[in-house]
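Below: the structure, in structure tokens.
The values are calculated or read from the model by the stated rules, or taken from the named source; none is laboratory data. What you see is a predicted model; the values in this text were computed from it and never measured. Cβ sites come from the backbone with ideal geometry, for glycine too, and all protein chains shown count toward neighbours.
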Amino acid sequence: GGTASTAVKHLGQWDAYESGHNSSLAAHEAYETLARTGDKIIGTTELCIVPGYRFRVISGGLITNFHQPDSTLMCLITALLGNDTNTQTVYQHALTQGYRFLSYGDSSFIRLKPASPTPTMPKTSHQLEQKGRNTNEDDQEINDSIIKGENSEGKCMDWPPKGSKVLLHSCCAPCSGAMVEAMVDRGMDVTIFFYNPNIHPKQEYEIRKEENKRYARDLGIPFVDADYDVDEWYRRAKGMEWSPERGKRCSMCFDMRFERTALFAHEHGFQYITTTNATSRWKDADQVNASGERAAAKYPSVEYWKRDWQTDEMTLRKYVINAEKEFYKQEYCGCSFSLRDTNDFRRSQGIEPVTVGSGGVYNDPEKDAAEESKEAVASFFGWDTDRGESSEERKQDSRRLREVYGGRKKTGGSTVASSRLDARTASDATHGEHNNW
Ligand code: SF4
């Protein structure tokens, strides 16, 4: 016989939210895979279950006591119930019925319905709030909806009621256009919150910010210009410089930006936060939403508003507005590492590297939307390469991409965007310390 091997595994605090989170492995398959790595497995975990976590092992439900506010147990319960409002509904019921809390108190059974092949969307927290809570039938309906924990799985949430105060974290004008328009049309009290210390270099940051301000001015909605905490961003990014887009650096980046957004919302009486990052197909909506939910979970009065903003309709409307407004066309996600990786990709496709400030302006909705098509996004991330296509098919893909991106420099937007920027295009001393790829 051979020598017994020992596999040592460690699960970090946020590992379950990152790349493996969307794996379709069943629990027993994951266990078998793990078992193949050694005769003996020693494991440690720092896993923290907060809203956005996807439960895999629980199938019937969870028996638990009623917990104290601000505890990590409350984060777990909220993750299970889908959102903070649902948790408040359950706890309000416990309070009005005089249940006893903590270890020697009463217990609750949070029942999970078996997953259906085509899960139905949960009721929104607003509908749940509006329902009377005095009859057993109502309680049952609330329980059936909230207890499934589907909110963290489902994509849609209905529109908050007219007049709701929404703080929209915005990364740029092009991504905010259609979202802001839809919110204003539905009578929401929306404020744009610009907090993006990830954007590099400062020149690009100023262009994106000024374009976003211009849009807010045109619509007559408030615009909050938050700090440019670039040193803190790089401090947090340390060790993740080579993490790919959609990887752990991006979770950090979303977390940092949404934490500040949630804090501002809490301090200024906003009921909802959401983000324009959720509207871009370059982003993993689940990853963005998990960060948003983590940030909002710290403040009972603030809820992260999750919705599917990446539909074809929203994408096209976004580019129609972008062309109408002639927004500056940005050509990479934002940080210096994404600029480096975008340039690597472009070189591999025979496309000129990005020149900051010269991306031109949006002017052709269909063509611009094609640059964010599922196909273009898949090619950038290399998703096609695992599908065993022939080299001829890959060459065709490559040609299509060159067509999609090739005309970008012809729009002559450099002067248009720059002329809107008065003296702010000078490079920034702080940012100069970081690599300009
Ligand atoms: S690629 Fe984009 S989301 Fe990811 S870290 Fe860079 S700026 Fe942030």
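Can you tell me how many residues in the stretch 179-192 are touching a Ser or Thr at 6+ places or on another chain (Cβ under 7 Å) and in contact (Cβ under 8 Å) with a residue 40 or more places away in the chain?
Qualifying residue count, the stretch 179-192: 1.
Pick out the one residue from TYR205, TYR228, TYR195 that is in contact (Cβ under 8 Å) with a residue 12 or more places away in the chain, under 26 Å from GLU371 (Cα atoms) and more than 17 Å from the chain's Cα centre (by Cα).
TYR205
Can you pull out the residues in the stretch 269-297 that are closer than 16 Å to ARG249 by Cβ and acidic (Asp, Glu)?
ASP284
Would you pick out the residues in the stretch 358-379 that are among the polar types (S, T, N, Q) and either within 16 Å of the ligand (Cβ to nearest atom) or in the same structural domain as CYS250 (by TED's automatic domain parsing) (or both)?
none
Select from the stretch 243-270 the residues that are modelled with pLDDT under 95 and of a type outside the set (Lys, Arg) and write down the one among them that is nearest to ASN196 (Cα to Cα).
The extreme case among them is GLU245.
Cβ-Cβ below 7 Å, separation at least six or inter-chain, first residue in the stretch 241-262 and over 25 Å from THR191 (Cβ atoms), second in a loop (DSSP other than H, G, I, E, B) and among the small types (Gly, Ala, Ser): which pairs?
ARG249/SER243
I need the full set of residues from the stretch 238-270 which are assigned to a loop (DSSP other than H, G, I, E, B), away from the ligand (no atom under 15 Å from the Cβ) and crowded, with 17+ Cβ neighbours inside 10 Å, in order please.
Residue satisfying the conditions is PHE270 alone.
Which condition number does THR355 fail, the rest of (1) more than 15 Å from the ligand (Cβ to nearest atom); (2) outside any loop (DSSP other than H, G, I, E, B) being met?
Condition (2) is where THR355 drops out.
Which one of these is assigned to a loop (DSSP other than H, G, I, E, B), among the charged types (D, E, K, R), touching a residue at least 60 places away in the same chain (Cβ under 8 Å) and within 23 Å of SER176 (Cα to Cα): ARG294, ARG307?
ARG307 is the lone residue from the list that is assigned to a loop (DSSP other than H, G, I, E, B), among the charged types (D, E, K, R), touching a residue at least 60 places away in the same chain (Cβ under 8 Å) and within 23 Å of SER176 (Cα to Cα).
Considering only the stretch 314-338, state which residues are away from the ligand (no atom under 16 Å from the Cβ) and not aliphatic (A, V, I, L, M).
Residues satisfying the conditions are THR315, ARG317, LYS318, TYR319, ASN322, GLU324, LYS325, GLU326, PHE327, TYR328, LYS329.
On the basis of being in contact (Cβ under 8 Å) with a residue 60 or more places away in the chain and either away from the ligand (no atom under 14 Å from the Cβ) or assigned by TED's automatic domain parsing to the domain that holds ARG294 (or both), does ARG235 make the cut?
no
State all residues of the stretch 219-237 that are modelled with pLDDT under 95 and part of a helix (DSSP H, G or I); if no residue qualifies, say none.
Correct list: LEU219 only.
Out of LYS213, LYS209, I need the residue that is away from the ligand (no atom under 16 Å from the Cβ), at pLDDT 95 or above and not in a loop (DSSP other than H, G, I, E, B). Which one?
After ruling out the rest, the residue left standing is LYS213.
So which of ASP341, ASP308, ASP284 is within 14 Å of the ligand (Cβ to nearest atom) and under 30 Å from THR78 (Cα atoms)?
Criteria check complete, one pass: ASP284.
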